[in-house]
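Since the structure comes first, as structure tokens, the remarks are kept for the end.
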Amino acid sequence: MKHYWLMKSEPDAYSIDDLKRDRTEHWDGIRNYQARNFMMQEMKSGDEVLFYHSSCKVPGVAGVARVCKEAYPDFTAWNPDSKYYDPKSTSEKPRWFMVDVEYVSKFSEVISLSQIRQTPALEGMRLLQKGNRLSIMPVGAEEFRTICKLAGYVPDVAKSLSR
């Protein structure tokens with residue numbers, strides 16, 4: 001069964017345009033156990049991702065990506081020169097994991113956080129819950145479709161349901 005996710009990135013660190021250019025990239029640096037567990041236990045190849053720009057002038061969903069490689073150890077944790085270094089993580093006993101994502105589509109306009117807040121169909125979205133600061137979170141299929149519809153993008157899930 002396909003799952004849907006929202007993954008946050010600061011656009012000055014890595015944006016939807018960067019992913020468009022690179023086509024595929026590993027999603028490293030996750031240092032929250034709940035987000036790590038989502039990647040390790042639930043994310044599968046083919047899962048769809050809302051690519052969310054955070055900590056910027058207009059935070060919101062900038063496009064769609066897809067998980068293309070399931071969880072594997074985050075090697076940045078082993079590099080003492082990396083900002084994601086964790087001396088307690090080793091190749092023999094990794095503490096942190098990452099997935100690879102591939103570019104699918106960039107929205108013509110960011111679906112802003114304020115627009116998401118104002119959309120009744122999204123009022124239960126985990127992103128809008130108080131205190132939720134996770135960089136990776138599950139999204140319901142209907143929430144995914146609603147955001148894509150706001151962007152004028154027709155995802156594969158909507159195409160398959162309309163047949």
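The values are calculated or read from the model by the stated rules, or taken from the named source; none is laboratory data. A quick note: this is a predicted structure, and the numbers were derived from the prediction, not measured. Because the Cβ atoms are built from the backbone with ideal geometry, glycine has one as well, and the counts that use them run over all protein chains shown.
Tally up the residues in segment 1-49 that are of a type in the set (Asp, Glu), assigned to a loop (DSSP other than H, G, I, E, B), within 14 Å of the chain's Cα centre (by Cα) and under 19 Å from residue 83 (Cβ atoms), please.
Of the residues in segment 1-49, 2 are of a type in the set (Asp, Glu), assigned to a loop (DSSP other than H, G, I, E, B), within 14 Å of the chain's Cα centre (by Cα) and under 19 Å from residue 83 (Cβ atoms).
From 71, 35, 62, grab the single residue that is touching a His at 6+ places or on another chain (Cβ under 6 Å) and modelled with pLDDT of 95 or more.
After ruling out the rest, the residue left standing is 62.
One line per residue, one yes/no per condition, for (1) β-branched (Val, Ile, Thr); (2) in contact with a Leu (Cβ under 9 Å, 6 or more places away or on another chain); (3) within 28 Å of residue 88 (Cα to Cα):
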residue	(1), (2), (3)
1	no, no, no
8	no, yes, yes
13	no, no, yes
28	no, no, yes
41	no, no, yes
57	no, no, no
61	yes, yes, no
66	no, no, no
69	no, no, yes
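So residue 51 clears everything in (1) free of Cβ contacts under 8 Å to residues at least 40 places away in the same chain; (2) buried (at least 19 other Cβ atoms within 10 Å of the Cβ) except one condition, right? Which one?
Here residue 51 meets the rest and fails (1).
Quick check, is residue 118 exposed (fewer than 15 other Cβ atoms within 10 Å of the Cβ) and within 25 Å of residue 151 (Cβ to Cβ)?
For residue 118, the condition - exposed (fewer than 15 other Cβ atoms within 10 Å of the Cβ) and within 25 Å of residue 151 (Cβ to Cβ) - is met.
Test each condition in (1) at pLDDT 95 or above; (2) under 16 Å from residue 60 (Cα atoms); (3) surrounded by fewer than 15 Cβ atoms within 10 Å (Cβ to Cβ) for residue 110 and report the one that comes out false.
Failing condition for residue 110: (3).
Inside segment 116-155, can you point out the residues that are within 18 Å of residue 55 (Cβ to Cβ) and in contact with a Gly (Cβ under 8 Å, 6 or more places away or on another chain)?
116
Kindly check whether there is at least one residue in segment 65-75 that is under 17 Å from residue 150 (Cα atoms), out of contact with any Pro (no Cβ under 9 Å at 6 or more places or on another chain) and not hydroxyl-bearing (Ser, Thr, Tyr).
Yes; the residues of segment 65-75 include at least one that is under 17 Å from residue 150 (Cα atoms), out of contact with any Pro (no Cβ under 9 Å at 6 or more places or on another chain) and not hydroxyl-bearing (Ser, Thr, Tyr).
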